[in-house]
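**Q** Quick one: the structure is below, questions incoming.
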Amino acid sequence: MSVLSIKDLCKSYGEFQLQDVSFEVQRGEIMGFIGRNGAGKTTTLKALLNLVHPDSGEVRFFGMDFRENELGIKNRIGFVSGGADFYPRKKLRSISAVTKSFYPTWNEAEYRRLLALFALDEGKTPAQLSAGMKLKYSLALALSHGAELLILDEPTSGLDPVSRDELLEIFLRLAREGVSILFSTHITSDLDKCADRITYIREGRIVCSEDTDSFKSRYRLVQLTEAEAKELQPYLIGQGITRGGITALMTPSDTERLGIPSQSTDIDTVITHWEKEGKA
């Protein structure tokens with residue numbers, strides 16, 4: 001079942017444009033929304049929530065048009081930004097008390113469970129929390145009113161590797177409980193650890209939106225000398241220089257037909273080579 005459906009979303013900011021952005025998120029699915037800084041990730045997320053007004057397009061949550069059912073839908077979703085700020089000197093319990101007054105579906109028992117799960121102390125202030133703990137607090141607030149869909153804008157940005165891994169494990173646990181997650185990121189190495197699907201945006205356009213295994217299966221990683229790379233140039237998708245020579249992507253059919261030794265690859269490697277090629 002689709003919990004979020006975006007069709008032909010457009011937004012123009014002078015020289016930058018979102019152009020016919022379309023994709024869907026299914027129930028219990030983790031989707032990584034990826035692209036370079038400035039590709040249009042944040043603009044898309046804000047446009048689908050009407051935080052910026054799209055020029056055209058359709059956004060539906062749980063089968064309902066967002067503009068016609070905004071209040072009801074917002075009670076069923078949670079939005080967290082990696083750069084979100086709280087009053088730095090207010091204690092968490094005070095911030096929580098204000099937040100829960102906005103949600104008739106607030107579940108105090110669930111909030112207490114999440115505080116314990118994330119090892120959060122209500123007696124502390126945001127100024128006393130690390131970036132990772134602030135993010136966990138934001139998640140606790142979002143989930144305590146029964147959010148069925150989490151929309152997260154660059155949640156792992158600025159976190160150390162251990163904190164990023166902890167957060168990705170939380171995503172997996174939530175997905176098993178039926179929560180859908182759409183998170184934007186430019187840290188593509190995170191995706192292999194948790195994403196069921198990816199949507200890749202480049203210069204305001206969606207390049208692809210598909211399940212991660214299908215995406216990776218379309219490419220093979222090859223290790224070449226400079227002479228081999230020059231000879232095989234028409235078949236290569238991007239190139240990278242390593243200590244051992246040249247790495248590049250090829251299609252499985254080309255590696256098999258040409259007898260080129262190859263290996264399976266990951267999302268981070270595919271996206272990196274795509275960007276180096278300058279095309280998708």
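**Q** Looking at 201, 187, 241, which is the one that is without any contact (Cβ under 8 Å) to a residue 60 or more places away in the chain, of a type in the set (A, V, I, L, M) and assigned by TED's automatic domain parsing to the domain that holds residue 35? Full working, then the answer.
**A** Numbers: 201 fails: without any contact (Cβ under 8 Å) to a residue 60 or more places away in the chain; 241 fails: assigned by TED's automatic domain parsing to the domain that holds residue 35.
After applying the criteria, what remains is 187.
**Q** Separate question: Residue 50 passes all but one of (1) polar (S, T, N, Q); (2) more than 12 Å from residue 184 (Cβ to Cβ); (3) buried (at least 17 other Cβ atoms within 10 Å of the Cβ); which number fails?
**A** Single failed check for residue 50: (3).
**Q** Among the listed residues 182, 232, 174, 224, which satisfies the condition of being buried (at least 22 other Cβ atoms within 10 Å of the Cβ) and in contact (Cβ under 8 Å) with a residue 24 or more places away in the chain? Don't jump to the end; show me each part of the working.
**A** On the way: 232 fails: buried (at least 22 other Cβ atoms within 10 Å of the Cβ); 174 fails: buried (at least 22 other Cβ atoms within 10 Å of the Cβ); 224 fails: buried (at least 22 other Cβ atoms within 10 Å of the Cβ).
Answer to the check: 182.
**Q** Tell me whether segment 138-149 contains one or more residues that are within 14 Å of the chain's Cα centre (by Cα), buried (at least 19 other Cβ atoms within 10 Å of the Cβ) and outside any helix (DSSP H, G or I).
**A** The first filter runs over segment 138-149 and keeps only residues within 14 Å of the chain's Cα centre (by Cα), leaving 149.
Then drop every residue that is not buried (at least 19 other Cβ atoms within 10 Å of the Cβ), which leaves 149.
If we keep only those that are outside any helix (DSSP H, G or I) as well, we get 149.
Checked segment 138-149: at least one residue is within 14 Å of the chain's Cα centre (by Cα), buried (at least 19 other Cβ atoms within 10 Å of the Cβ) and outside any helix (DSSP H, G or I).
**Q** Out of 218, 164, 197, which single residue is more than 11 Å from the chain's Cα centre (by Cα) and at pLDDT 90 or above? Show your work before the answer.
**A** Working: 164 fails: at pLDDT 90 or above; 197 fails: more than 11 Å from the chain's Cα centre (by Cα).
Going through 218, 164, 197 in turn, just one is more than 11 Å from the chain's Cα centre (by Cα) and at pLDDT 90 or above: 218.
**Q** While we're here: Please go through segment 243-259 and pick out each residue that is in contact with a helix residue (DSSP H, G or I) (Cβ under 9 Å, 6 or more places away or on another chain) and under 30 Å from residue 199 (Cβ atoms). I'd like the intermediate steps shown before the answer.
**A** Here is the first cut: in segment 243-259, the residues in contact with a helix residue (DSSP H, G or I) (Cβ under 9 Å, 6 or more places away or on another chain) are 245-252, 254-255, 258.
Once the filter is applied, which keeps residues that are in contact with a helix residue (DSSP H, G or I) (Cβ under 9 Å, 6 or more places away or on another chain) and under 30 Å from residue 199 (Cβ atoms), segment 243-259 yields 246, 247, 248, 249, 250, 251, 252, 254, 255.
**Q** Give segment 84-103 a look and list any residue that's assigned to a loop (DSSP other than H, G, I, E, B) and surrounded by 12 or more Cβ atoms within 10 Å (Cβ to Cβ), or say none. Walk me through how you get there before you give the answer.
**A** Here is the first cut: in segment 84-103, the ones assigned to a loop (DSSP other than H, G, I, E, B) are 84-91, 101-103.
Answer for segment 84-103, where residues must be assigned to a loop (DSSP other than H, G, I, E, B) and surrounded by 12 or more Cβ atoms within 10 Å (Cβ to Cβ): 84, 86, 87, 90, 91, 103.
**Q** Could I ask something else about it? Which one of these does residue 187 not meet: (1) at pLDDT 90 or above; (2) under 24 Å from residue 6 (Cα atoms)?
**A** (1)
**Q** Need at least 1 residues that are under 30 Å from residue 15 (Cβ atoms) per element, so show me which strands (runs of 3 or more DSSP E) inside segment 198-261 make the cut, counting only ones lying wholly within it. Can you show your working first?
**A** Values: elements: 205-211, 220-224, 237-242, 245-250.
In segment 198-261, 205-211, 237-242 are the strands (runs of 3 or more DSSP E) which contain 1 or more residues that are under 30 Å from residue 15 (Cβ atoms).
**Q** What's the number of the only condition in (1) within 30 Å of residue 118 (Cα to Cα); (2) basic (Lys, Arg); (3) buried (at least 21 other Cβ atoms within 10 Å of the Cβ) that residue 193 fails to meet?
**A** Here residue 193 meets the rest and fails (3).
**Q** Quick check: is even one residue across segment 36-48 of a type in the set (A, V, I, L, M, F, W, C), under 27 Å from residue 174 (Cβ atoms) and either modelled with pLDDT of 95 or more or not assigned by TED's automatic domain parsing to the domain that holds residue 156 (or both)?
**A** Residues of segment 36-48 that are of a type in the set (A, V, I, L, M, F, W, C), as a first pass: 39, 45, 47-48.
Now narrow it down to the ones that are under 27 Å from residue 174 (Cβ atoms): 39, 45, 47-48.
Next, only the ones that are either modelled with pLDDT of 95 or more or not assigned by TED's automatic domain parsing to the domain that holds residue 156 (or both) stay: none.
The answer is no; no qualifying residue exists.
**Q** Can you name the condition, by its number, that residue 133 falls short on among (1) farther than 20 Å from residue 183 by Cα; (2) aliphatic (A, V, I, L, M); (3) free of Cβ contacts under 8 Å to residues at least 24 places away in the same chain?
**A** Unmet condition: (1).
The values are calculated or read from the model by the stated rules, or taken from the named source; none is laboratory data. Being a predicted model, the structure only gives us computed values, none of them experimental. When we count neighbours, we look across all protein chains shown, and the Cβ atoms used for this are built from the backbone with ideal geometry, even at glycine.
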